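*Asks:* Just passing along the structure, written as structure tokens.
The values are calculated or read from the model by the stated rules, or taken from the named source; none is laboratory data. Only a predicted model underlies this, so the values are computations on that prediction, with no experimental measurement involved. In this analysis, Cβ positions are derived from the backbone assuming ideal geometry, glycine residues included, and neighbour counts consider all displayed protein chains. Side chains included, ligands, DNA and RNA excluded: accessible areas come from the protein's heavy atoms. Shrake-Rupley method; radii C 1.70, N 1.55, O 1.52, S 1.80 Å.
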Protein chains: 8
Amino acid sequence: MRNGSWSVYLSGEIHSDWREQIAAGIEKAGLPVELSAPVTDHAASDDAGTGTLGEETDSFWGDHKGAGVNAIRTQTLIRDADVVVVRFGDKYRQWNAAFDAGYAAALGKPIVTLHDDDLDHALKEVDRGALATARNSDQVVDVLRYVIEGKLPG
Amino acid sequence: MRNGSWSVYLSGEIHSDWREQIAAGIEKAGLPVELSAPVTDHAASDDAGTGTLGEETDSFWGDHKGAGVNAIRTQTLIRDADVVVVRFGDKYRQWNAAFDAGYAAALGKPIVTLHDDDLDHALKEVDRGALATARNSDQVVDVLRYVIEGKLPG
Amino acid sequence: MRNGSWSVYLSGEIHSDWREQIAAGIEKAGLPVELSAPVTDHAASDDAGTGTLGEETDSFWGDHKGAGVNAIRTQTLIRDADVVVVRFGDKYRQWNAAFDAGYAAALGKPIVTLHDDDLDHALKEVDRGALATARNSDQVVDVLRYVIEGKLPG
Amino acid sequence: MRNGSWSVYLSGEIHSDWREQIAAGIEKAGLPVELSAPVTDHAASDDAGTGTLGEETDSFWGDHKGAGVNAIRTQTLIRDADVVVVRFGDKYRQWNAAFDAGYAAALGKPIVTLHDDDLDHALKEVDRGALATARNSDQVVDVLRYVIEGKLPG
Amino acid sequence: MRNGSWSVYLSGEIHSDWREQIAAGIEKAGLPVELSAPVTDHAASDDAGTGTLGEETDSFWGDHKGAGVNAIRTQTLIRDADVVVVRFGDKYRQWNAAFDAGYAAALGKPIVTLHDDDLDHALKEVDRGALATARNSDQVVDVLRYVIEGKLPG
Amino acid sequence: MRNGSWSVYLSGEIHSDWREQIAAGIEKAGLPVELSAPVTDHAASDDAGTGTLGEETDSFWGDHKGAGVNAIRTQTLIRDADVVVVRFGDKYRQWNAAFDAGYAAALGKPIVTLHDDDLDHALKEVDRGALATARNSDQVVDVLRYVIEGKLPG
Amino acid sequence: MRNGSWSVYLSGEIHSDWREQIAAGIEKAGLPVELSAPVTDHAASDDAGTGTLGEETDSFWGDHKGAGVNAIRTQTLIRDADVVVVRFGDKYRQWNAAFDAGYAAALGKPIVTLHDDDLDHALKEVDRGALATARNSDQVVDVLRYVIEGKLPG
Amino acid sequence: MRNGSWSVYLSGEIHSDWREQIAAGIEKAGLPVELSAPVTDHAASDDAGTGTLGEETDSFWGDHKGAGVNAIRTQTLIRDADVVVVRFGDKYRQWNAAFDAGYAAALGKPIVTLHDDDLDHALKEVDRGALATARNSDQVVDVLRYVIEGKLPG
């Protein structure tokens, strides 16, 4: 925490508006939270390495380069976070979200996972590493309100 | 410390006004202290999980869910604290207070315990993990005044 | 682990034979486990300080002295353990057991709690810090057998 | 390392014989390696919690219980490993493998990933957290032989 | 990060204006970055020990004394940094730059190396410890802009 | 560092005005330094425990109690410091100063020792754990000026 | 612990036979303890640097060199120890012993101090960092016997 | 240490026989030391990645791949070492040796540097991070003999 404000990192899915929902909920609730996230512009994220450090002919190394540049951001923000929220959607493999969760878990960061129940069995190890599993953005906001202000919804 | 202010986490008993006494004493003494605490509304605390993330039919898992949500708060605040005060009263088993003390001890946090002398023998391991054992809230304030300003009472 | 053997520390209640039951179950199952524990002779444990380093007139400091000597043992064994089992019985306050659990949790040790379900609500924070909650010694052995050999009972 | 032997943990896919291939390669090469792995019996792994600690009516908590018991094993073995190999196959979501990789990365463990190149883009963050990416079990053995004995294949 | 600002430590070569280029680029881009660096006045740096703590007759100990005083600065700034940029030029042996890189790597700091490609082979271990390798100061600014704001150049 | 200011803890001798000299030198030099120190009022320091938490009949435990309360302050300030200066004078045994130095060394804090050369042989282990050894307060200020601003005196 | 044996490092005074007394007591008691210590040959210890790495004209650097070589031994043995015993005698300043105690304390090692009661006040900070204070070698053996075997003397 | 044997990692120069000299000296002295080293076959080391994981068309990535595989070995051995010796010769840039030294320093490993005095000024930061600087292999053996057995040469 810095000056009474909680740092919350929002990891995972970048193809839905769950981060915006959480941001809106936090603003509405007036919670002292600073949100951070990976770069969520998919195209920019894929070009993070080649767009800054030069093109690669081999796609493996182009990806490697990009993942390195993205990791400068994500590792720093996760280390800096008080709470890490990890969202899994129904598309893509999202191994980076699970990697972030494992990384955060080993650092002792409190984790909140966010996903539908049809992913429960596949995510059981990740959920076990978390302190809460939410089903929607409202529940994440409810958890943060309780954690920060001690108030339950309703 | 942040900006010269000491973070003091007040763990333990939630059925007496010891936190208010310490807060009043700190204010009267004009000490640069930011107090933090677990959620002390017993009913809200018990519903921390089910009230934010949905009901449970099995009470064990309802408790588990709530303890997870509460731990997001307590672990973060303990890690963020400069000093951890742990209060044991004469009611309830208060294992969470002793758990907090062990957690803080392993993190190397300075601990002050606060309890009556009839609990001395039962709390000897917890007291040994602390740097001070106080008998009342005034003594906690006296210790904090000395620690921060180097002044003895009276 | 040392030479393929798992170190398991058995913390908590010293007035029932749960440690012997676990030891017998481990031997019967042929598991490569080295058990360790605090000193379980209650009288010796209470005299750990005064019996080795000299008498005290003030019982608080006599307890303090004893708790220090006992902590040399318990801290070392917990740090050395692969798994920490913490037992809560129906007598005494057992704050040292909860303290051990918090200490082990902050060190990242996998914890197994062992207690009856009438203590569930009071132990919810401790159970949340554990990776398993068992109801009897057989279940602890079953968990260890699975963890070490990957075999389920029956 | 213990007594000159390297501990190598094999995380991930449990539906092909890649672990057996690596074990055979290591034996043929005569490398001083102690392999370890999660429980690879899928049915046993799914029942790890309910089969040892009792049935659950809610599948989420049944999975949670099982993931806790499995984590006692996996966390201990990863912490104990000198090198962590993480295998991704073409089936299932394998979030636990990515979680293990993130966990190992935060602990500073050297990681070798093992997967086909059609998974390269999806695994770019995980591969970036690794020190080597192999395409088959032989390459993993070749890497271990080089790492331990300094010899290249052929 | 402090108040949303990223701390970036610029290690290495002190005989060209690469730090000024990066500072100018950051200012032009309006990035919230606080730059820090070792003392770059070569003469002052060589006299850091003897100029503050007294002359030495033996040059080894004069250097030792100066390196100690410089280390107070560099170790503190590296520990305080979010990102460490390490520059290798074409002159001098620059072992201190490589030492800084190793030091930062073991602390888990994200590293960006900056050097021409004719040094690639000699710097391969250092580059492997980094998350990005840039060829000029503009690329370092591009990486920082992406990392902080998620925007690619152009 | 907080907001560009260096935290410097001044450990050791409390019977001369070396702290005031350093404070004056820092003010004159206009350095962004926040100084901290143990309680330097000898009488208050000796009564730190008994004056806040109640009298003791046994002087060993009275000292023990006081040392605990003082440790809340000193451990917190040392952990919070960027640089630790440790002063040894010609009186008293000053084991607490050497203890602080060892404590700071194990935490990786940069240490500056301050003492006359007739103590050199007796302090050789402590000096070896430091990054600089100064002979007077002016030299400490010179070192801090160089470390923070890169400027040599004169 | 290695193979059930406790590593105990004996720091401090080198001009009396307290280490031999402890060794004899441990042998008589049949305790599984591996003792280690700094080099106790005073002349050899003083020449540790100059006798291995060449003479120095300046005694400060000669001492510095020797303290460095001795630190290779002492730091390694302290890090390797389960328990650290620190002895203070009535001669010399023994700042290295207090430094070792502070170093061990910050590493979380259980410490036993050993000294006469006329040093109590001067050693109060060091004793507060310890878990036991013994008055003679027999008491150290008694503490170790209790810690390892759970048996009180007599 | 394992079973009383010291692990010593020999980092740096691979084009002279300094490692063989140290090994011969240790054998002659009968010291309980287990030596380890990076792969010292220059050609094999350069092909560590491409020779195990497949060719690369881009030399940067070929080097990157090789450095990754070598790092699995070197990071593991450095973490496992009690003492790290770092040798700098008169050829090549040897940035990997300086990187190893920085890496070992941040891990708190005792370091011995080994080089001629004409490299003193260029290596002053690395030497400052070490506890001893030797001029030849015999001196390294003399230091190890003293550290392990407390005996000076001659």
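*Asks:* Taking the condition of being out of contact with any strand residue (DSSP E or B) (no Cβ under 9 Å at 6 or more places or on another chain) and of a type in the set (Ser, Thr, Tyr), how many residues in segment B:1-20 meet it?
*Replies:* Result for segment B:1-20: 0.
*Asks:* Now for a different question. Go through (1) of a type outside the set (A, V, I, L, M, F, W, C); (2) in a helix (DSSP H, G or I); (3) at positive phi for residue F:118 and report which single condition fails.
*Replies:* Every condition holds for residue F:118 apart from (3).
*Asks:* For segment A:21-31, does any single residue satisfy the condition of being closer than 28 Å to residue E:131 by Cα and crowded, with 17+ Cβ neighbours inside 10 Å?
*Replies:* As a first pass, look at segment A:21-31 and keep what is closer than 28 Å to residue E:131 by Cα: none.
No.
*Asks:* Can you say whether residue A:8 is among the β-branched types (Val, Ile, Thr), touching a residue at least 12 places away in the same chain (Cβ under 8 Å) and in contact with a helix residue (DSSP H, G or I) (Cβ under 6 Å, 6 or more places away or on another chain), as far as the supplied structure shows?
*Replies:* Details: among the β-branched types (Val, Ile, Thr): yes; touching a residue at least 12 places away in the same chain (Cβ under 8 Å): yes; in contact with a helix residue (DSSP H, G or I) (Cβ under 6 Å, 6 or more places away or on another chain): no.
For residue A:8, the condition - among the β-branched types (Val, Ile, Thr), touching a residue at least 12 places away in the same chain (Cβ under 8 Å) and in contact with a helix residue (DSSP H, G or I) (Cβ under 6 Å, 6 or more places away or on another chain) - is not met.
*Asks:* Only residues that are hydrophobic (A, V, I, L, M, F, W, C) and in a helix (DSSP H, G or I): list them for segment E:86-115, please.
*Replies:* E:95, E:97, E:98, E:99, E:101, E:104, E:105, E:106 - these are the residues of segment E:86-115 that are hydrophobic (A, V, I, L, M, F, W, C) and in a helix (DSSP H, G or I).
*Asks:* Quickly run through segment A:82-105 and pick out the residues that are within 22 Å of residue A:5 (Cβ to Cβ) and touching a Pro at 6+ places or on another chain (Cβ under 9 Å).
*Replies:* A:82, A:83, A:84, A:100, A:104
*Asks:* Any idea how many residues of segment G:46-92 are open to solvent by less than 30 Å² (accessible area, probe 1.4 Å), facing another protein chain (nearest Cβ under 8 Å), polar (S, T, N, Q) and over 15 Å from the mean Cα position of the chain (by Cα)?
*Replies:* Qualifying residue count, segment G:46-92: 1.
*Asks:* What are the residues in segment C:118-146 that are acidic (Asp, Glu), within 17 Å of residue B:58 (Cβ to Cβ) and more than 7 Å from every other protein chain (Cβ to nearest Cβ), if any?
*Replies:* C:118
*Asks:* Also, quick follow-up: Among the residues of segment B:6-20, which ones are open to solvent by less than 20 Å² (accessible area, probe 1.4 Å) and farther than 22 Å from residue C:124 by Cβ? I'd like the intermediate steps shown before the answer.
*Replies:* Here is the first cut: in segment B:6-20, the residues open to solvent by less than 20 Å² (accessible area, probe 1.4 Å) are B:6-12, B:18.
Within segment B:6-20, B:6, B:7, B:8, B:18 meet the criteria.
*Asks:* What number of residues in segment D:102-111 are surrounded by 24 or more Cβ atoms within 10 Å (Cβ to Cβ) and under 22 Å from residue C:111 (Cα atoms)?
*Replies:* 3
*Asks:* Exactly one condition in (1) assigned to a helix (DSSP H, G or I); (2) touching a helix residue (DSSP H, G or I) at 6+ places or on another chain (Cβ under 8 Å) is not met by residue H:79; state its number.
*Replies:* With (1) assigned to a helix (DSSP H, G or I); (2) touching a helix residue (DSSP H, G or I) at 6+ places or on another chain (Cβ under 8 Å) applied to residue H:79, the lone miss is (2).
*Asks:* If a residue has to be under 13 Å from residue H:96 (Cβ atoms) and in contact with a helix residue (DSSP H, G or I) (Cβ under 6 Å, 6 or more places away or on another chain) to count, how many in segment E:88-104 make the cut?
*Replies:* Going through segment E:88-104 one residue at a time, the tally reaches 6.
*Asks:* Between residues in segment C:58-73 that are of a type in the set (Lys, Arg) and residues that are open to solvent by less than 10 Å² (accessible area, probe 1.4 Å), which pairs lie under 6 Å by C-beta distance while being six or more apart or on different chains?
*Replies:* Cβ pairs passing all conditions: C:65/C:49; C:73/G:147.
*Asks:* Have a look at A:58, A:118 and point out the one that is at pLDDT 95 or above, under 27 Å from residue E:144 (Cβ atoms) and not aromatic (Phe, Trp, Tyr). Quick ask: steps written out before the conclusion?
*Replies:* Values: A:118 fails: under 27 Å from residue E:144 (Cβ atoms).
Of the residues listed, the single one that is at pLDDT 95 or above, under 27 Å from residue E:144 (Cβ atoms) and not aromatic (Phe, Trp, Tyr) is A:58.
*Asks:* Yes or no: residue D:97 of a type in the set (Gly, Ala, Ser), touching a residue at least 40 places away in the same chain (Cβ under 8 Å) and facing chain A (nearest Cβ under 7 Å)?
*Replies:* No: the conditions fail for residue D:97.
*Asks:* Across segment B:32-44, which residue is surrounded by the fewest Cβ atoms within 10 Å (Cβ to Cβ) among those that are closer than 28 Å to residue B:1 by Cα and within 14 Å of chain C (Cβ to nearest Cβ)?
*Replies:* For segment B:32-44, the residue satisfying everything is B:39.
*Asks:* Condition first: over 15 Å from the mean Cα position of the chain (by Cα) and open to solvent by 40 Å² or more (accessible area, probe 1.4 Å). Now tell me which residues in segment A:126-154 satisfy that.
*Replies:* Scanning segment A:126-154 gives A:138, A:145, A:149, A:151, A:152, A:153, A:154.
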